[in-house]
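Here the structure is laid out as structure tokens; the discussion comes afterwards.
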Amino acid sequence: MRTLHVNLGERSYPIHIGEGLAGKLAGWFAERKLSDKSPLMIVSDEAVAGRHLPGVKAALEQAGYRVAVSVVPSGETSKSLAMLEKLVGEALEAGLDRRSAIVALGGGVVGDLAGFVAASYMRGIRFVQMPTTILAHDSSVGGKVAVNHPLAKNIIGAFHQPEMVVFDLTFLRTLPEREIRAGYAEVVKHALIADAGFFRWVDEQAERLLKLEPDAVEHALHEGCRIKAEVVSADERENGLRAILNYGHTIGHAIEAVAGYGELLHGEAISIGMVGESLLAVHYGCPEDVHRETKRVLAKFGLPVSLHAHLDPDKIMRAMSHDKKFREGKTVFALPDSIGNVVVREGVSPDLVRDILVQLKQED
């Protein structure tokens with residue numbers, strides 16, 4: 001097991017990464033002084049609940065915790081105000097109070113949704129992230145919690161840091177192949193924005209990572225979480241440095257919104273977004289090799305690197321105007337200038353962005 005820390009003063013918390021960690025939950029809960037007098041609520045989704053919920057629930061109940069459960073449908077459509085209302089109602093019925101905590105057991109959708117419930121319920125209660133996907137190594141760290149609006153992704157949300165992140169790698173063994181591949185998009189992103197050596201390692205170890213070889217996966221997730229934790233520790237609320245984590249997300253989130261939060265997995269949309277944004281960076285002096293290498297490594301993981309033909313560039317442009325990264329009439333991009341480094345750029349020409357979207361349909 002390996003442990004990292006997000007350093008935010010009194011809101012600091014650990015990230016535990018390893019196998020068979022469910023049995024250690026009660027001890028870690030006690031260390032963080034999570035109440036065993038007030039009920040907890042585990043939020044999970046239909047795909048995860050049948051496999052992993054019973055063991056986590058039993059481990060906590062054996063330690064004396066009272067545990068309620070709420071299971072939501074799998075998929076991005078559960079990140080909605082309607083589902084938020086449903087979970088708040090179930091929390092009230094279960095008797096959760098201000099000393100209670102919510103445990104998010106699932107991928108990024110569950111983490112974002114359950115975290116926003118925790119941020120909203122009684123003006124904020126504590127919560128724990130237990131990611132069950134590779135992709136969620138990104139979303140589970142940093143305290144961004146949200147639900148979607150039909151016009152924009154993650155537009156209704158808050159900053160609400162977890163008490164801890166517990167990444168039990170045994171959960172990954174039940175992931176479908178498509179989700180495994182999609183999860184590595186965020187690993188590649190972390191390497192591209194901050195660590196050229198890690199990017200080379202990811203490229204070299206792609207086959208082992210796709211086979212979920214434990215030591216390779218643990219190292220990849222540790223390094224991804226390390227980069228994310230360092231950025232969040234320096235800039236919790238995205239006033240500057242944290243914007244580099246948005247690489248691939250300005251275009252990627254807009255693609256998700258236009259595709260309808262279901263056609264593409266988040267990692268697939270971000271993969272296309274990174275290809276597009278690296279192509280955009282070339283127009284600002286970034287070496288073409290950065291675009292080629294980005295595209296090559298993403299394709300090596302079986303990720304999409306072109307825009308689906310039926311997705312309308314004009315609709316994607318409109319969706320970008322609703323994004324959180326659109327401010328003062330300008331869309332903000334994190335664009336690479338080399339492997340392992342990105343710069344935040346404002347005032348990118350909308351006509352240029354639209355041209356990039358058209359080119360993305362021709363990438364292969």
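General observations
- Straight-line cross-link partners of K295 among the lysines, defined as a Cα under 17 Å from its Cα and at least 8 positions apart when in the same chain: K189, K361.
- Listed by chain and number, the lysines whose alpha-carbon sits under 17 Å from that of K144, ignoring those within fewer than 8 places in the same chain, are K79, K153, K228, K324, K325.
- Accessible-area composition of the chain, carbon plus sulfur, in percent [1.4 Å probe]: 50
- Region 233-280: relative contact order as a whole-number percent, Cα under 8 Å and 6+ apart: 39
- Distance between the pseudo-spin-label points of N341 and R11 (7 Å out from Cα toward the beta carbon): 3.0 nm.
- In a simple Cβ point-charge model (Lys, Arg +1; Asp, Glu -1; nothing else charged), region 1-158 has a dipole of about 400 debye relative to its Cα centre.
- Taking label positions 7 Å along the Cα-Cβ direction at both Y284 and R296, the computed distance is 2.4 nm, reported to one decimal.
- Simple Cβ-charge dipole of the chain, Lys/Arg +1 and Asp/Glu -1, about Cα centre, in debye nearest 20: 860
- Within-15-Å neighbourhood charge of S38 [Cβ basis; K, R +1; D, E -1]: +2
- Full-stretch length increase - A158, D312 - with 0.36 nm per residue and alpha-carbon distance subtracted: 52.4 nm
- Peptides 158-170, 70-82 ranked from most to least packed give 158-170, 70-82, packing being the mean of other C-beta atoms within 10 angstrom over each peptide's residues.
- Ordering G224, V202, P176 by Cα displacement along the dipole of region 170-294 toward the positive end leaves P176 in first place; charges were set at the Cβ atoms of Lys, Arg (+1) and Asp, Glu (-1).
- Near P73, once Lys and Arg are set to +1 and Asp and Glu to -1 for all other residues with Cβ below 9 Å from its Cβ, the sum equals -2.
- Largest to smallest accessible area among K37, K144, K315 [probe 1.4 Å]: K37, K315, K144
- Note, ³J(HN,Hα) from phi for region 267-274, Karplus 6.51, -1.76, 1.60, rounded to Hz, x at Gly and Pro: x, 5, 5, 5, 4, 4, x, 5
- Cα-centre dipole for region 184-326 with unit charges at Cβ (Lys and Arg positive, Asp and Glu negative), debye to 20: 240
- Average accessible surface for the chain: 39 Å² per residue, computed with a 1.4 Å probe over protein heavy atoms with every protein chain in place.
- Annotation: amide H of V128 within the under-5 Å range of I102, V103, A104, E163, sequence separation 5 or more or interchain, hydrogens built in the peptide plane.
- Between V72 and S44, D45, E46, the built amide H atoms are under 5 Å apart, and every one of these is 5 or more places off in sequence or on another chain.
- In summary, the lysines within cross-link reach of K24, defined as a Cα separation below 18 angstrom excluding same-chain residues under 8 places away, comprise K33, K57.
The values are calculated or read from the model by the stated rules, or taken from the named source; none is laboratory data. Please read all numbers here as calculations on a predicted model, not as lab measurements. Backbone-built Cβ (ideal geometry, glycine too); neighbour counts: all protein chains shown. Accessible surface areas use protein heavy atoms only, side chains included; no ligands, DNA or RNA. Shrake-Rupley method; radii C 1.70, N 1.55, O 1.52, S 1.80 Å.
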